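Each value in this text was obtained by applying a stated rule to the coordinates, not by laboratory testing. Only a predicted model underlies this, so the values are computations on that prediction, with no experimental measurement involved. For neighbour counting, all protein chains shown are included, and Cβ atoms are generated from backbone atoms with ideal geometry for every residue, glycine included.
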Amino acid sequence: MSVTRHRRDGLYRRSPVRARGFTLIEVLLATALLAAALALGFAVLSAATATVNRGELLAQRNERMRATSGFLRSRIVSARAIAFALDPQGGTPILFAGDPDRMRFVADLPDYLGRGGPYLHDISIVGDERDHLALDVAFSQVQNSTQITEDNPRKPEPLAERLKSVAFRYRALDATGALGEWQERWTQADRLPLQVSVRITPAQGPAWPDIVVALPSASGAPGIAGSIQ
């Protein structure tokens, strides 16, 4: 309570004056402004959180794409002209088996992935529902054109999950020595293809860049040295 002085009859007298409070309209207006400020702050925070989450998700997708692409490139380019089985009909060695959804070949496995030495790489697409496909790889040791049965075989390891589609293609030189067309199946099992292509489309986001790998050990076609022209 404040006081003011009034002069009356030559004397100063103190009289009380009540402090003025806020009106109901002012209180409502202040409340509305506070609510608006809180709503704006919450919207900004939500937008920032969503941006961070999208950035992390994009980084995870890019990391998965790079890791999977790098692994496939390093494994396919390491394919060797080593048989992992014999054709039951003709008895010819099988060096490479390729289908649209599966391919098998032999390559040396690094020590950190196994015991080292030649291993059959069985890369396949698993799952039968669109947008729920996965890409797996299984390893088994090979000796004398035969797969070694292990007491505790390794389970297939996932390379990528939640995929919309995956397609393998193969290429060789034609009879004239020119680069031939892409094939969905590799029918010349007794030799390696000249090139292998892997096309992956995830369930969410754009398709990955095509993975095209040239096999240094490939001959490309019977009697023709493998080279890209």
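A few points about this structure:
- Percent of Cα pairs in the stretch 155-217 per distance bin of 5 Å, from zero to the largest separation: 4, 15, 22, 19, 16, 13, 6, 3, 1.
- In terms of other Cβ atoms within 10 Å, V77, V196 run from fewest to most in the order V77, V196.
- Selection from T68, A107, W182, by position along the positive dipole direction of the stretch 54-196 (Cβ): T68
- When the Cα positions of L192, A214, S124 are compared along the charge dipole of the stretch 61-214, A214 comes out farthest toward the positive end, with charges on each C-beta of Lys, Arg, Asp and Glu.
- Ranked by how many other Cβ atoms sit within 10 Å of their own Cβ, fewest first, the residues E161, E26 fall in the order E26, E161.
- Here the average projected area of the convex hull drawn through the C-alpha atoms of the stretch 122-175 stands at 6.2 nm².
- Calculated on alpha-carbon atoms, Rg and Dmax of the stretch 61-214 in Å: 15.7, 48
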